[in-house]
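All of the numbers you see were taken from the coordinates with simple rules; none came from a lab. Since this is a predicted model, take the numbers as computed values, not measurements. Reconstructed Cβ throughout: ideal geometry from the backbone, glycine too, with neighbour counts over all protein chains shown.
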Protein chains: 2
Amino acid sequence: MLSKNQIKFVNSLKQKKYREEHNLFIAEGTKIVPELFVSDIIVKQVYATSEFFRNNKIASTIERFEIKENELERISALMTANEVLAVCETPQHQLKMDSLKDKLTLVLDDIKDPGNLGTIIRIADWFGIENIVCNNDTVNAFNPKVVQATMGSISRIKIYYTDLIDFLKNQESSIKNQVFGALLGGESIYEKTLPLNSFIIIGNESKGISEKLLPFITDKISIPSFSHYKTVSGEAESLNAAVATSIICSEFRRR
Amino acid sequence: MLSKNQIKFVNSLKQKKYREEHNLFIAEGTKIVPELFVSDIIVKQVYATSEFFRNNKIASTIERFEIKENELERISALMTANEVLAVCETPQHQLKMDSLKDKLTLVLDDIKDPGNLGTIIRIADWFGIENIVCNNDTVNAFNPKVVQATMGSISRIKIYYTDLIDFLKNQESSIKNQVFGALLGGESIYEKTLPLNSFIIIGNESKGISEKLLPFITDKISIPSFSHYKTVSGEAESLNAAVATSIICSEFRRR
């Protein structure tokens with residue numbers, strides 16, 4: 001049986017304020033939670049059905065609560081609860097510029113949609129990108145919707161929040177990576193040289209890359225469109241932010 | 001003022017049953033509706049604020065209803081209504097095998113998530129793919145969530161629903177396109193020859209391509225992963241269906 005306080009506590013973690021206060025986040029489902037058990041993420045509590053406990057070995061350091069499905073529904077952030085909810089410690093990574101040297105790193109400027117951020121984290125995992133640097137206004141990576149959309153990749157990628165202007169200034173005077181940004185009139189990514197010591201800036205879903213970051217971009221790139229049509233505004237049709245990220249990462253990696 | 005019957009009628013179009021009964025669908029927002037005005041889609045009614053009517057020229061054949069924002073909220077399918085809702089005729093395209101000859105066409109096998117289908121339609125538009133053939137269980141393309149996620153591309157792409165086994169049998173004995181499917185152990189898309197007279201089968205979000213379609217695949221492909229990790233199940237990490245579609249389409253087009 002779940003107590004009222006437990007229900008209140010777990011539900012509070014759906015809000016950023018309480019996640020930060022407790023330094024905890026929630027993850028759910030039989031696909032994602034077992035990934036966390038074998039990752040560097042510290043799982044504190046597991047709320048699950050008897051079936052989940054039968055099928056999964058749980059470390060003795062984790063507090064376990066066997067509950068019924070209807071109780072799980074009361075703490076779940078999913079449309080349909082799925083056997084298990086885990087409360088985990090939010091990892092705290094220190095952003096060290098040297099660790100980004102000679103690597104491909106994503107820089108997110110104001111990604112607002114949790115599904116997009118989750119998908120971008122999953123793409124980073126697929127393409128062996130270890131670090132994602134976000135501006136402070138990008139949606140919180142430990143938002144339950146983001147965690148779900150990562151399908152477990154959240155446990156394998158280091159995500160930092162910082163002031164991007166300071167960050168890009170610092171890197172210019174230290175590791176000097178190339179900085180790529182997708183912009184109208186940029187060079188086709190299919191033809192461009194794409195070195196591995198690079199930052200790729202991904203802009204906001206509707207506004208693109210902020211004007212204040214443009215001076216830091218060393219290489220303007222674009223994904224060529226093969227569309228037969230022009231839109232009303234006369235601009236080229238756009239791609240979803242996560243889709244654009246995937247095509248750019250694929251191009252960097254295939255060479 | 002909207003009548004109760006109007007509110008009921010527009011809201012009914014959020015359900016597939018009523019969309020099919022009336023052969024109508026709804027589209028919303030200042031980005032998408034103006035795209036429909038200049039497309040082949042027949043717009044029947046526009047429900048909009050005075051501001052929208054001030055800023056947009058509307059053909060005289062369209063019934064117009066000037067309403068207040070709080071009335072728009074009552075018929076909108078969006079979290080936040082956005083100036084305009086249009087009721088449009090659902091286009092009926094006849095699937096003719098010959099029109100798919102020498103072209104790149106997407107074949108969707110059981111795509112369930114409206115956001116994924118919308119994003120795939122948008123990707124098709126970007127890469128100049130004119131036709132998408134779906135199995136009958138793929139989510140309905142005129143579902144309001146799909147329409148929104150296409151960002152207007154729904155007006156430019158022909159979408160067909162059919163039995164995929166019959167369809168793939170017919171194409172084998174007529175136009176004989178190559179049939180590509182992303183499968184474990186497939187050849188790297190970065191190294192494979194990718195001809196333009198091809199079908200690309202995209203499988204269900206969790207189950208992949210159905211077993212009954214496998215015999216029709218002439219070319220097994222895969223998107224190489226660069227991940228440093230293995231997942232618990234030992235399988236390779238997966239990519240979201242729309243993301244995989246975008247990387248595959250990009251590879252077909254860049255050559």
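What ranking of B:Met151, B:Met1 emerges when the number of other C-beta atoms within 10 Å of each C-beta is taken as an exposure proxy, fewest first? Can you show the working numbers first?
Working: B:Met151 21, B:Met1 8.
By the 10 Å Cβ count, ascending: B:Met1, B:Met151.
Using the membrane-span-like helix rule (whole DSSP H runs, Cα extent along the own axis of at least 27 Å, mean Kyte-Doolittle hydropathy at least 1.6), which helices of chain A qualify?
Within chain A not a single helix satisfies the rule.
What does the charge add up to near B:Asp219, with Lys and Arg as +1, Asp and Glu as -1, over the other residues with Cβ less than 11 Å from its Cβ?
Result for the local shell: +1.
Mind pulling up the Rg/Rh value for the range B:97-254? Radius of gyration and Kirkwood radius, both on Cα.
0.95
Taking B:Lys145 in one copy and the same position in all the others, each labelled 7 Å out along Cα→Cβ, what are the pairwise distances from the first, in nm, shortest first?
Nearest first, the other copies' label points are 1.1 nm away.
Per residue of the range A:142-158, in order, report the coupling 6.51 cos²θ - 1.76 cosθ + 1.60 (Karplus, θ = phi - 60°) as ³J(HN,Hα) in whole Hz, putting x for Gly and Pro.
These are the phi-based 3J(HN,Hα) values: 9, 4, x, 5, 5, 4, 4, 5, 6, 6, x, 4, 3, 7, 10, 10, 8 Hz.
Sort B:Ser174, A:Ser99 so that the residue with the fewest other Cβ atoms within 10 Å of its own Cβ comes first and the one with the most comes last. Before the final figure, lay out each step's value.
Values: B:Ser174 12, A:Ser99 15.
Fewest to most other Cβ atoms nearby, the residues stand as B:Ser174, A:Ser99.
At q = 0.20, 0.27, 0.36 Å⁻¹, what is the log10 ratio I(q)/I(0) for the range B:13-52, with the Debye formula run over Cα points and no solvent?
Log-scaled intensity ratios, in q order: -0.69, -1.02, -1.21.
Sorting A:Thr49, B:Thr30 on the 10 Å Cβ count, fewest up front, what's the list?
Exposure proxy ranking, most exposed first: B:Thr30, A:Thr49.
Would you mind checking which residues have amide H under 5 Å from A:Cys134's amide H? H placed 1.01 Å from N; only 5 or more apart, or other chain.
Sorted by chain and number, the residues that satisfy this are A:Leu108, A:Tyr160, A:Tyr161, A:Thr162.
Per residue of the range A:177-182, in order, report the coupling 6.51 cos²θ - 1.76 cosθ + 1.60 (Karplus, θ = phi - 60°) as ³J(HN,Hα) in whole Hz, putting x for Gly and Pro.
5, 6, 10, 9, x, 7
Under the rule of -39500 (n - 2.57) per DSSP H run of 4 or more residues, summed and divided by the residues of chain A, what mean residue ellipticity at 222 nm is obtained, to the nearest 500 deg cm²/dmol?
Calculated mean residue ellipticity at 222 nm is -8500 deg cm²/dmol.
Taking a point 7 Å out from Cα toward Cβ as the label site, list the nm distances between B:Asn56 and the same residue in every other copy, smallest first.
Inter-copy label distances (nm, one decimal, shortest first): 4.6.
Enter the mean projected area of the convex hull around the alpha-carbon atoms of the range A:47-124, in nm², rounded to one decimal.
8.1 nm²
With the Cα gyration tensor of the protein assembly as shown in hand, convert its eigenvalues to equivalent ellipsoid semi-axes via √(5λ) and list them largest first in whole Å.
Listed largest to smallest, the semi-axes of the protein assembly as shown are 36, 29, 27 Å.
Read phi for every residue in the range B:72-80 and hand back ³J(HN,Hα) as whole Hz from Karplus 6.51 cos²θ - 1.76 cosθ + 1.60, θ = phi - 60°, with x for Gly and Pro.
4, 3, 6, 10, 6, 9, 8, 4, 10
If we count every other residue with Cβ under 13 angstrom of A:Asn143's Cβ, Lys/Arg +1 and Asp/Glu -1, where does the sum land? Before the final figure, lay out the partial values.
On the way: positive: A:Lys14, A:Lys16, A:Lys17, A:Arg19, A:Lys112, A:Lys145; negative: A:Glu20, A:Glu28, A:Asp113.
Local charge sum for A:Asn143: +3.
Tell me the net charge near B:Ile75. Cut-off is 11 Å between Cβ atoms, B:Ile75 excluded, with +1 for each Lys or Arg and -1 for each Asp or Glu.
Around B:Ile75, the surrounding residues sum to 0.
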